[in-house]
1. Could we say that Q223 is outside any helix (DSSP H, G or I) and either at pLDDT 95 or above or polar (S, T, N, Q) (or both) here?
2. I'd like to check something: does the range 126-142 contain any residue that is crowded, with 18+ Cβ neighbours inside 10 Å and basic (K, R)?
3. Every residue in the range 124-157 that is of a type outside the set (G, A, S), within 25 Å of Y25 (Cα to Cα) and under 13 Å from the mean Cα position of the chain (by Cα), please.
4. On the given criteria, is L115 at pLDDT 95 or above, of a type in the set (A, V, I, L, M), crowded, with 19+ Cβ neighbours inside 10 Å and assigned to a helix (DSSP H, G or I)?
5. Regarding V98, is this residue surrounded by 14 or more Cβ atoms within 10 Å (Cβ to Cβ), modelled with pLDDT of 95 or more and under 11 Å from V32 (Cβ atoms)?
6. Being in contact with an Asp or Glu (Cβ under 7 Å, 6 or more places away or on another chain) and over 14 Å from A131 (Cα atoms) is the filter here, so list the residues in the range 86-112 that pass it.
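The values are calculated or read from the model by the stated rules, or taken from the named source; none is laboratory data. Source: prediction; values computed, not measured. Cβ: placed from backbone, ideal geometry, glycine included. Neighbour counts: every protein chain shown.
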Amino acid sequence: MIPPDANAAFVAGMEDVLEVYQRPYDPACPVVCLDETSKQLIAETRVPIAAKPGRAARFDYEYQRNGTANLFMMFAPLEGWRHVKVTDRHAAVDYAQVLKDLSDTHFPDASKIVLVQDNLNIHKPASLYEAFPAAEARRLVERFEWHYTPKHGSWLDMAEPELGVLSSQCLDRRIPDKHTLIEEVAAWQDSRNKHHAKADWQFTTADARVKLKRLYPVIRATQGTRPASTIREVSDRTFAFEDQFITT
């Protein structure tokens with residue numbers, strides 16, 4: 001979804017994220033994108049009929065609902081690394097634990113982790129204070145450099161298309177329970193990491209200022225200036241106006 005025209009808040013947030021993506025690779029300050037999704041857990045009530053030559057596998061239309069699970073996607077696009085954490089919920093304390101794992105388990109030697117995420121209400125430093133004592137929460141807050149995609153700009157989070165890959169390659173079938181989901185996701189994750197699958201992000205700030213020009217506010221003359229038109233005769237009946245600005 002694209003926001004209304006002339007949206008200063010959107011372009012400010014967009015350019016902030018695009019600046020992060022244009023930085024050169026620095027292993028001491030890895031860029032990590034974070035996003036989340038849910039998966040409904042569904043068990044078969046009858047054994048599916050296996051595929052045969054000329055006939056696809058067949059599944060009964062009846063199924064058993066086993067609740068839902070939440071999946072946090074952590075994706076470091078320049079490293080070609082991702083990790084998916086499966087949780088029962090997507091509460092503030094779950095998010096806080098994901099950040100602790102990211103800091104202390106996955107990137108313990110990083111001097112600063114550059115975190116890009118959307119504006120979901122739990123994606124805030126306050127969540128760390130809900131989960132940990134103040135000293136520990138403050139330590140974790142300072143481990144990250146916080147960046148947010150603007151409202152209606154979740155497509156700027158590179159973890160979102162990576163979740164799309166996960167959905168199409170791993171989650172596009174019935175999965176009966178959380179344990180199976182964890183195993184399936186881990187196998188997908190390990191395969192992607194083994195091949196160092198990276199994101200080929202091409203959209204830059206310069207591109208945005210051209211292709212999304214309508215989203216940028218139009219800057220008009222400020223108070224204290226007035227336009228002075230220089231009239232140049234082109235023919236007996238035609239004139240061209242070259243607008244200049246002079247300070248009064």
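1. It is true that Q223 is outside any helix (DSSP H, G or I) and either at pLDDT 95 or above or polar (S, T, N, Q) (or both).
2. So far as the range 126-142 goes, no, none of its residues is crowded, with 18+ Cβ neighbours inside 10 Å and basic (K, R).
3. Result: W146, H147, Y148, T149, P150, W155, L156, D157.
4. So L115 does not fit the description; no.
5. Considered against the rule, which asks whether it is surrounded by 14 or more Cβ atoms within 10 Å (Cβ to Cβ), modelled with pLDDT of 95 or more and under 11 Å from V32 (Cβ atoms), V98 comes out as yes.
6. Answer for the range 86-112, where residues must be in contact with an Asp or Glu (Cβ under 7 Å, 6 or more places away or on another chain) and over 14 Å from A131 (Cα atoms): T87, K112.
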